[in-house]
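What follows is a short report on a single structure.
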Amino acid sequence: MSIPHAHVASYYRAIRSADDTAFIGLDGRAHAEICVIGGGLAGLTTAFELARQGRRVVLIEADRIGWGASGRNAGFVSCGFAESIDAVETRVGPANARALFDLSRLGVQYVAETIIASDRRDIVAGRGALSLSRRPELKALQQRQTKMAENYGCKLDLWSRDKVASMLATSTYFDALHDPSAFQIDPLAYTALMSDRCRAAGVWIFEASPVHRIADVGAGWRVETDRGVVHCEQVVLATSAYGVLNHTYRPVDRAVLPVATYVITSEPFGERLRETIAFRGALSDRRRAGDYYRVVGGDRLLWGGRITTRRAESGRLADMLKADIRRIYPQLGDFQVDFAWSGLMGYARHKMPLIGMIRRGLWVATAFGGHGLNTTAMAGQLIASAIADQDDRWRLFAPFEATWGGGFAGRIAAQLEYWRMQVLDRAGEWRHRRGSAAGSSTVSPKRPVTSDAPTAP
Ligand SMILES: Cc1cc2nc3c(=O)[nH]c(=O)nc-3n(C[C@H](O)[C@H](O)[C@H](O)COP(=O)(O)OP(=O)(O)OC[C@H]3O[C@@H](n4cnc5c(N)ncnc54)[C@H](O)[C@@H]3O)c2cc1C
């Protein structure tokens, strides 16, 4: 049996008051109706929803439950997908785009209701999300606000530059869109809650058991780990980017591109931070490759950004993120980074999740990208109700099928695309600054500061 890793040394792990339940590895044979592979939020939600309906479910995790992206993300919960709703609309038309957006909203509701039903409001860390412009684009924001309200029933508030400046002491930002329906959670605590719910509903959970083979045996499926095997009728593959690293199932691995993103958490700033950032929800900027951050623990800054498709984790990234913070909020001065970690997100080529049945009895729920907190909850419900009740809403995702992500060449192409986006972002800001220097800008906020439904990476 392989030894499970401890959860990554994140801020969330440091503030956990209880030890997470540890589960034994799979040793020998097990029989189940459904075998879910992957103990992130996609796997946990699917397993829980199936067990709740009386199904016999085994869940197999390679490391610890919540060890992947689910237990270490920025904690922003909001409607939408990693792909923009405009691109979704272009692909599937307005009616299906609306139906998909409504499903993404169902995911937000699921997380909220789970927390409320479990009486674990302590998991909620903040409310509202601001998507900040780094250049004047008021008209674009107004159009976005109108479109989201009329076509998607999503109410966003437009915040003027002055209102933004009253909350954030920086001159970096202009106007912003505020999403009042968004909220933030402690993702490791939420993952532990879902694990507890699974256990209570009768899911058999095994940790430290990487699956290395999934075989169609005619009457069902055979799922193999180093020391055990599960015989089952149906399999749900929920292994995300880490599944690619574990060589879990080639047809799906080939369609998922692992993309790393980085998070740091500062030392406590005390009053300095309260004077700098008064807003207590999620903050992100509207650049194609932007920053995302929030205040945690009252006076620490949790800050994420900088995606890369290169797997090596670089210590330099903590310094780069710190420099990003100091460019926007120089008044914070020098500070210590108490926690720095990275995590892998899984992306399909089209940046939409891969959800549905890919062979008889073989389901996937993967590739949620940087927008997985609502969409994993949605996918878990969709797949469980497809298996239990023949609900076919998952077919709305059929246009976003698994196509080859391009392997090594795909990773290089994605990295180049990220750098291209960074160059475009910087060029846009530079053009604006040049215009301002030539006297074309009339905006002068008292304090320095900064999309559709805002999100993290
Ligand atoms: C740093 C960071 C910040 C983010 N911020 C946000 C945010 O603020 N809001 C948001 O909505 N989304 C965010 N995301 C994205 C979100 O976290 C993910 O989309 C989501 O958690 C994916 O869940 P998952 O269950 O698909 O994958 P994971 O949580 O990665 O879980 C997959 C699990 O499968 C297991 N596994 C893999 N292979 C095997 C195998 N062969 N056998 C058994 N088990 C296996 C892994 O060990 C892992 O535990 C962020 C991601 C990162 C990395």
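Quick look at the numbers
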| item | result |
| --- | --- |
| Total residues in segment 44-70, condition outside any loop (DSSP other than H, G, I, E, B) and either more than 7 Å from the ligand (Cβ to nearest atom) or farther than 18 Å from residue 112 by Cα (or both) | 14 |
| Residue among 64, 13, 56, 52 that alone is in contact with a helix residue (DSSP H, G or I) (Cβ under 6 Å, 6 or more places away or on another chain) and surrounded by fewer than 24 Cβ atoms within 10 Å (Cβ to Cβ) | 52 |
| Wholly enclosed strands (runs of 3 or more DSSP E) of segment 262-342 bearing at least 1 residues among the polar types (S, T, N, Q) and modelled with pLDDT under 95 | 300-308 |
| Matching residues, segment 209-251, being open to solvent by 10 Å² or more (accessible area, probe 1.4 Å), outside any strand (DSSP E or B) and more than 10 Å from the ligand (Cβ to nearest atom) | 217, 218, 219, 226, 227, 250, 251 |
| Count - residues of segment 130-157 that are touching a strand residue (DSSP E or B) at 6+ places or on another chain (Cβ under 6 Å) and within 26 Å of residue 95 (Cα to Cα) | 5 |
| Candidates 280, 287, 274, filtered to the one that is surrounded by 21 or more Cβ atoms within 10 Å (Cβ to Cβ) and of a type in the set (Lys, Arg) | 287 |
| Residue in segment 93-114 that is assigned to a loop (DSSP other than H, G, I, E, B), closer than 25 Å to residue 252 by Cβ and small (Gly, Ala, Ser) present | no |
| For residue 75: the one exception among (1) away from the ligand (no atom under 15 Å from the Cβ); (2) under 27 Å from residue 167 (Cβ atoms) | (1) |
| Qualifying residues in segment 71-92 (those that are assigned to a helix (DSSP H, G or I), farther than 30 Å from residue 212 by Cα and not aliphatic (A, V, I, L, M)) - the one nearest to the chain's Cα centre (by Cα) | 86 |
| Odd one out for residue 297 among (1) open to solvent by 20 Å² or more (accessible area, probe 1.4 Å); (2) among the small types (Gly, Ala, Ser); (3) in contact with an Asp or Glu (Cβ under 7 Å, 6 or more places away or on another chain) | (3) |
| Exclusive hit being under 29 Å from residue 339 (Cα atoms) and in contact with a Leu (Cβ under 7 Å, 6 or more places away or on another chain), set 43, 75, 126 | 43 |
| Restricting segment 179-204 to residues that are assigned to a strand (DSSP E or B) and open to solvent by less than 10 Å² (accessible area, probe 1.4 Å), the residue that is farthest from the ligand (Cβ to nearest atom) | 179 |
| Cβ pairs under 6 Å, 6+ apart, first in segment 367-391 and closer than 16 Å to residue 105 by Cβ and outside any helix (DSSP H, G or I), second within 11 Å of the ligand (Cβ to nearest atom) and hydrophobic (A, V, I, L, M, F, W, C) | 371/81; 371/82 |
| Condition check for residue 164: more than 25 Å from residue 175 (Cβ to Cβ) and either within 23 Å of the chain's Cα centre (by Cα) or open to solvent by less than 70 Å² (accessible area, probe 1.4 Å) (or both) | no |
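The values are calculated or read from the model by the stated rules, or taken from the named source; none is laboratory data. Being a predicted model, the structure only gives us computed values, none of them experimental. With ideal geometry, Cβ positions are generated from the backbone for all residues, glycine too; neighbour counts draw on all protein chains shown. For accessibility, only protein heavy atoms count, side chains too; no ligands or nucleic acids. Shrake-Rupley method; radii C 1.70, N 1.55, O 1.52, S 1.80 Å.
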